Amino acid sequence: ASDPVHWRISGYAVIVENGTLLTVRADYRNPSLYCFPGGGVEPEESLEEGVRRECLEELGLEVKLETRAWQVGESRFFLKDNFYHVINIYYKAVIVKQEPSKRIIEKEKEEPVWVDLKELNENNFFPYQYDIVQMLKEMVL
């Protein structure tokens, strides 16, 4: 019998510059919601490699991770008759350089949006990232 739970490990970059947070708006999923740059890690790569690859693919940015596993989040949900249990690992990161030619725009269709930390609202993010947004809000206050 197949495993009824689909486990997934995802890695995300938390990039803050000048009081603003770098987010991604993914039009193909929901154009009114933001998420952190990152996503699912491929079986052959480390978490850190996955975060760096996702930042290149989504935003054309080479990033340096400043911490090991800064925060951990968790989400569980049904999608297309499948139950998912996702572990989200967040890393503080900085932009090293822009690499626009490395973006995979056809597949991702994502755009960067800088959000003022003082105006963070978890309702503007996908539900699986509410916890990290709330934590960032508390750090700003």
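The values are calculated or read from the model by the stated rules, or taken from the named source; none is laboratory data. Everything numeric in this text was worked out from a predicted model, so none of it was measured. Neighbour counts run over all protein chains shown; Cβ positions are idealised from the backbone, glycine included. Areas reflect the complete protein model, heavy atoms only, side chains present, ligands, DNA and RNA absent. Shrake-Rupley method; radii C 1.70, N 1.55, O 1.52, S 1.80 Å.
Structure above, values below:
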item: Subset of the range 15-27 (residues that are open to solvent by less than 10 Å² (accessible area, probe 1.4 Å) and among the aliphatic types (A, V, I, L, M)); result: 15, 21, 22, 24, 26
item: Pair list, Cβ < 7 Å and 6+ apart or interchain, from the range 80-103 residues that are within 24 Å of residue 9 (Cβ to Cβ) to residues that are among the hydroxyl-bearing types (Ser, Thr, Tyr) and in a loop (DSSP other than H, G, I, E, B); result: 91/67; 92/67
item: Verdict on residue 75 being farther than 15 Å from residue 15 by Cβ, among the polar types (S, T, N, Q) and in a helix (DSSP H, G or I); result: no
item: Selected residue (only one of 129, 134, 71, 98 is within 21 Å of residue 6 (Cβ to Cβ) and either touching a helix residue (DSSP H, G or I) at 6+ places or on another chain (Cβ under 9 Å) or surrounded by 15 or more Cβ atoms within 10 Å (Cβ to Cβ) (or both)); result: 129
item: Hits in the range 32-41 - residues which are surrounded by 11 or more Cβ atoms within 10 Å (Cβ to Cβ) and either modelled with pLDDT under 90 or assigned to a loop (DSSP other than H, G, I, E, B) (or both); result: 33, 36, 37, 41
item: Evaluation of residue 82 against (1) over 16 Å from the mean Cα position of the chain (by Cα); (2) open to solvent by less than 40 Å² (accessible area, probe 1.4 Å) (one fails), failing number; result: (2)
item: Any hit, the range 46-64, residues being part of a strand (DSSP E or B), buried (at least 16 other Cβ atoms within 10 Å of the Cβ), modelled with pLDDT of 95 or more and in contact with a strand residue (DSSP E or B) (Cβ under 8 Å, 6 or more places away or on another chain); result: yes
item: Pairs with Cβ under 8 Å, 6+ apart, first in the range 1-30 and within 17 Å of residue 126 (Cα to Cα) and at pLDDT 90 or above, second surrounded by fewer than 17 Cβ atoms within 10 Å (Cβ to Cβ) and among the aromatic types (Phe, Trp, Tyr); result: 14/70; 21/114; 22/114; 23/114
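Per-residue answers, yes or no, for (1) surrounded by fewer than 15 Cβ atoms within 10 Å (Cβ to Cβ); (2) in a strand (DSSP E or B); (3) more than 16 Å from the chain's Cα centre (by Cα):
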position: 10; (1), (2), (3): no, yes, no
position: 13; (1), (2), (3): no, yes, no
position: 30; (1), (2), (3): yes, no, no
position: 44; (1), (2), (3): yes, no, yes
position: 86; (1), (2), (3): no, yes, no
